[in-house]
Amino acid sequence: MSKTIGIDLGTTNSCVAVVEGGTAVIIPNDKGERTTPSVVAFTESGERLVGSAARRQAAVNADRTISSVKRHIGTDWKKNISGKNYNPQEISAMILRKLREDAEAYLGEPVKDAVITVPAYFNDIQRQATKDAGRIAGLNVKRIINEPTSAALAYGLNNGAQQKIMVYDLGGGTFDVSIIEIGDGVIEVLATSGDNHLGGDDFDERVTQWLLSEFKRTSHADLSRDMTAMIRVREAAEQAKKELSGTETAQISLPFIAQHNGTPVHMDITLTRAKFNELTRDLVDRTEGPVRNALYDAGIAASELGRVLLVGGSTRIPAVQEKVQQMTGKIPSKSINPDECVAQGAAIQGDTLNETTSLTQATGILLLDVTPLSLSIETVGGVATRVVERNSTLPIHYTQVFTTAAPFQSSVEIHVLQGERPMARDNKTIGKFKLKGIKKAMAGVPQIEVTFDIDTNGILKVSARDKDTGMEQSITITANEKMSEAEIQQAIRDAEMYASQDGIRRDIMDTTNEAQRLLSQVEQAMGKAGKQIDKEEKKRVKADQAALNKFLMKNKPDKMTEGDLMNLKAAVETLRASSQHIVSMAGE
């Protein structure tokens, strides 16, 4: 059986590994490097460069060089090169193809199968886009797994003792934190959280902007519109960041960086670690929210953690390590290589899927991952009715029965949402489809069975079936529906910020729906009971009906205040009490 490789497709650097002789080993590229820069370039002659070769020529070919494409995957971003538009999947596929070719050269045989990692907080669309990139690269993507989970798999292979660990993964473009329990041959993800637009690139950008400002102040030259100069400054900023992880100062020296008034000017600036920490303090602080969310969702205190693993090159920043220690009270473990462990874990997962004898039978490790965000469908009144809770263990097969909101409906629209807010409009639409051929009946009679299937890659399929007619329709969410990184992280933050407000709005909608159902029930009961009803009783119920109807006509749900809600509940209870006898009579 051919080997299954594990690929860490990173924002800044990518890495590939394979299991050999019971050990996950890193595959070096054709230059002997253990990681490959995630950079693609197109030369004027039409040659495509990937990795170090692309990065080296970036300063002289800036507009035809692409880096950090992972930040765009799953969006409609495009890059035009020589009249052809390239989307993120195509650029990512070029990186994946290079990794595949390096693996084939190392193994001496064709490679088709791969496990590819993604940030834990990647949404359904981004996961599908990553899988598509693998297919474009000629790979059969056997599994998409979360990066922190993959790191835990690499760690857990030799540390199978019962324990709960935190994986703090700060890479080039994304941040994830996962709480994972290891024990009895099982690696189970308890909770995950993150920020899909926070990483080393943001630290580099802070240093870059500071260098531009300092240079303009001292030399009066503005480099911000000089693309070639900007590439050099960004490279120098990244190098200075790396140097400051081991020293207290970094010297940024860029001779002949530009011309000012016809004279060549040079950049020569000293950056101290203290200044770097000042420039990036808020970025480090932004990791605190996801850490606390993950611990809360996992239902544990930081003191219960057995170990904290640091993953991703950006965790080498001393201020980051200090922040992790401050938040958890634990000195972060350095037992795994932060640049390589994700690819190693993916290779281990690939070996497991191959059912080979070398590694998996010896360890018997079972991996249980989770879905990062809640999934809902829109129901009457614009409510987002939760079907799958965030941090549910994969794979997921969940069915819930819904019904129609209006009489004699022959079709319903299934509106699939992603996010943590209780109202549909506050969440992200990730798909819509119509179920037709429903048997016509009164509202509330048809039984519509909606099923959410999320596979082990975290990719979603939603289906709906009329239980009476057997008519069925489904949708697999694809990269045509877009949800940006910023929108995902905002979904969680908004849910926390507006939790109280959301609760009131949900209560208003529920009470409004309850009022309308009660009005319909009372009207039907009055018709059935007819002349059996006492005149005074009928008059009283009619008055209460009119009062509730008038209130609903005058106060729209989206405009109601908390005081209006109290008045609405009182009107509902008044009608329920006065009509109880009539409803009882009609039911006999």
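The values are calculated or read from the model by the stated rules, or taken from the named source; none is laboratory data. A quick note: this is a predicted structure, and the numbers were derived from the prediction, not measured. With ideal geometry, Cβ positions are generated from the backbone for all residues, glycine too; neighbour counts draw on all protein chains shown. In case anyone asks, the SASA skips ligands and DNA or RNA and just uses the protein heavy atoms, side chains included. Shrake-Rupley method; radii C 1.70, N 1.55, O 1.52, S 1.80 Å.
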Given all pairs of different Cα atoms, what value in angstroms does the Kirkwood hydrodynamic radius of region 384-449 take? 13.5
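What accessible area per residue, rounded to a whole number of Å², is obtained for the chain using a probe radius of 1.4 Å? It would help to have the intermediate numbers written out before the result.
Values: 25940 Å² over 588 residues.
Heavy-atom accessible area per residue stands at 44 Å².
Which value in deg cm²/dmol, rounded to the nearest 500, describes the helix-derived mean residue ellipticity at 222 nm for the chain, given -39,500 (n - 2.57) per DSSP H run of n ≥ 4 and division by the residue count? Each step should come with its number before you reach the end.
Working: 15 runs with 228 residues, N = 588.
So the calculated ellipticity at 222 nm is -12500 deg cm²/dmol.
At R0 = 35 Å, how high is the FRET efficiency between residue 399 and residue 517 if r is their beta carbon distance? Nearest 0.05 is fine. Intermediate values should be presented prior to the final figure.
Numbers: r = 24 Å, r/R0 = 0.69.
FRET efficiency, residue 399 to residue 517: 0.90.
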Dividing the alpha-carbon radius of gyration of region 84-135 by 2.2 N^0.38 Å, where N counts its residues, gives 1.26
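Where the convex hull is taken over the Cα atoms of region 77-223, what is its projected area averaged over directions, in nm²?
Working: hull surface 52.9 nm².
Answer in nm², one decimal: 13.2.
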Pair residue 247, residue 272: separation of 7 Å Cα→Cβ label points (nm): 1.6
What does the extension gain come out to for residue 549 and residue 570, with contour length at 0.36 nm per residue minus their alpha carbon separation? 6.2 nm
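Scaled to the compact-protein estimate 2.2 N^0.38 Å, what is the alpha-carbon radius of gyration of the chain, rounded to two decimal places? Kindly include the intermediate steps, with their values, before the conclusion.
Working: Rg = 29.1 Å, N = 588, 2.2 N^0.38 = 24.8 Å.
Dividing the Cα Rg of the chain by 2.2 N^0.38 Å gives 1.17.
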Once the mean 1/r over all distinct Cα pairs of region 1-115 is inverted, what Kirkwood radius in angstroms do you read off? 14.8
Report in % the part of the accessible area of region 213-255 that belongs to carbon and sulfur, leaving out ligands and nucleic acids; probe 1.4 Å. 48
Square roots of 5 times each gyration tensor eigenvalue, C-alpha, region 140-179, largest first, Å: 19, 16, 7
Ranked order, 449, 235, 523 - accessible area, probe 1.4 Å, largest first: 523, 235, 449
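Roughly how many percent of the accessible protein surface of region 549-588 is carbon and sulfur, given a 1.4 Å probe and a whole-percent answer? Working shown, then result.
On the way: 1410 of 2650 Å².
Heavy-atom surface of region 549-588 belonging to carbon and sulfur, 1.4 Å probe: 53 percent.
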Hey, any idea what % of region 67-151's accessible area is carbon plus sulfur with a 1.4 Å probe? 42
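Could you calculate the contour length gain from residue 52 to residue 528, that is, 0.36 nm times the residue separation minus the distance between their Cα atoms, to one decimal place in nm? Write out the running numbers ahead of the final one.
Details: separation 476, 0.36 × 476 = 171.36 nm, distance 8.15 nm.
That works out to 163.2 nm of additional length.
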Given points 7 Å out from each Cα along the Cα-Cβ axis, report the residue 447 to residue 23 separation in nanometres with one decimal. 5.9
For residue 468, other-chain or 5+-apart residues with amide H closer than 5 Å (H placed, Pro excluded) are 447
Give the separation of the Cα centroids, region 49-125 to region 549-588, in Å. 59
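Using only the alpha carbons of region 41-104, what is the convex hull's orientation-averaged projected area in square nanometres? Please report the intermediate quantities before stating the final value.
Working: hull surface 18.4 nm².
The directionally averaged projection comes out at 4.6 nm².
FRET efficiency for residue 559 and residue 279, Cβ-Cβ distance as r, R0 = 41 Å, nearest 0.05? Please report the intermediate quantities before stating the final value.
Numbers: r = 45 Å, r/R0 = 1.10.
Calculated transfer efficiency: 0.35.
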Rounded to the nearest Å, the spacing of the alpha-carbon centers of region 195-224 and region 385-428 is 44
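Across all directions of projection, what mean area in square nanometres is found for the Cα convex hull of region 250-332? Let's see the in-between values first.
Numbers: hull surface 29.5 nm².
Over all viewing directions, region 250-332 projects a mean Cα-hull area of 7.4 nm².
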Scaled to the compact-protein estimate 2.2 N^0.38 Å, what is the alpha-carbon radius of gyration of region 222-372, rounded to two decimal places? 1.46
